[in-house]
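Notes follow once the structure below has been shown.
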């Protein structure tokens, strides 16, 4: 499973658990596992504490669908996504020079956790997330300027978790929540 970290003994986060539950539900809906096995694996996922325990519960499942990962790349210029676009489970955005603007406020987000990996050389990046989203930038490395992000004081439960990781060279990342 591509979304799990390298160290299998590392403790899991709740969004990792949520992703594992979703994979099991998808495998059941697609007919890859019977109902009894779904119950057993769900119990295993819900009681797991490490990534190796999660991996054993997901063993023998088919790989995640190809549509769950996408890459947007440009050598220079502007990368922009806005309006009603479908956000994949895992999105990589790569740009050597130029600006990046991702607006997720009206996007179709079907996954409880969305991983956005930024690989940016120079230029600014601006990401607008849904009003009720939870943003995690723990694995983002900036080389020049710090990330501008002010978490919402009150967010309604049930919003997606947006995990932003990767590397930014010379430029600044600005993240804001949608106003409506």
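The values are calculated or read from the model by the stated rules, or taken from the named source; none is laboratory data. Everything quoted here is computed from the prediction, not taken from an experiment. Cβ coordinates were reconstructed from backbone atoms using ideal geometry, including for glycine residues, and neighbour counts include every protein chain displayed.
Go over the candidates 100, 45 one by one and state the one that is in contact with a helix residue (DSSP H, G or I) (Cβ under 6 Å, 6 or more places away or on another chain) and either without any contact (Cβ under 8 Å) to a residue 40 or more places away in the chain or in a loop (DSSP other than H, G, I, E, B) (or both).
Unique residue meeting the criteria: 45.
Taking residue 76 as the residue in question, decide whether it is at positive phi, more than 18 Å from the chain's Cα centre (by Cα), free of Cβ contacts under 8 Å to residues at least 40 places away in the same chain and in a loop (DSSP other than H, G, I, E, B).
Spelling it out, it is not the case that residue 76 is at positive phi, more than 18 Å from the chain's Cα centre (by Cα), free of Cβ contacts under 8 Å to residues at least 40 places away in the same chain and in a loop (DSSP other than H, G, I, E, B).
Is it fair to say residue 167 is at negative phi, surrounded by fewer than 16 Cβ atoms within 10 Å (Cβ to Cβ), part of a strand (DSSP E or B) and without any contact (Cβ under 8 Å) to a residue 60 or more places away in the chain?
Spelling it out, residue 167 is indeed at negative phi, surrounded by fewer than 16 Cβ atoms within 10 Å (Cβ to Cβ), part of a strand (DSSP E or B) and without any contact (Cβ under 8 Å) to a residue 60 or more places away in the chain.
With respect to residue 70, is the statement that it is on the phi < 0 side of the Ramachandran plot, modelled with pLDDT under 90 and in a strand (DSSP E or B) true?
Criteria met by residue 70.
Residues in the stretch 110-134 that are surrounded by 19 or more Cβ atoms within 10 Å (Cβ to Cβ) and within 18 Å of residue 68 (Cβ to Cβ): how many?
4
Do the conditions hold for residue 75, that is, is it in contact with a strand residue (DSSP E or B) (Cβ under 7 Å, 6 or more places away or on another chain), exposed (fewer than 15 other Cβ atoms within 10 Å of the Cβ) and at pLDDT below 85?
So residue 75 passes the test.
Listed residues 94, 84; which is farther than 19 Å from residue 164 by Cβ, in the same structural domain as residue 123 (by TED's automatic domain parsing) and not in a helix (DSSP H, G or I)?
None of the others qualify; the one that does is 84.
So, in the stretch 97-109, how many residues would count as being surrounded by fewer than 21 Cβ atoms within 10 Å (Cβ to Cβ) and either under 15 Å from residue 72 (Cα atoms) or at pLDDT 95 or above (or both)?
5
Which one of the conditions (1) in contact (Cβ under 8 Å) with a residue 12 or more places away in the chain; (2) outside any strand (DSSP E or B); (3) over 20 Å from residue 173 (Cα atoms) does residue 60 fail to meet, given that it meets all the rest?
(1)
Just to be sure, is residue 41 within 30 Å of residue 175 (Cα to Cα) and modelled with pLDDT of 85 or more?
Considered against the rule, which asks whether it is within 30 Å of residue 175 (Cα to Cα) and modelled with pLDDT of 85 or more, residue 41 comes out as no.
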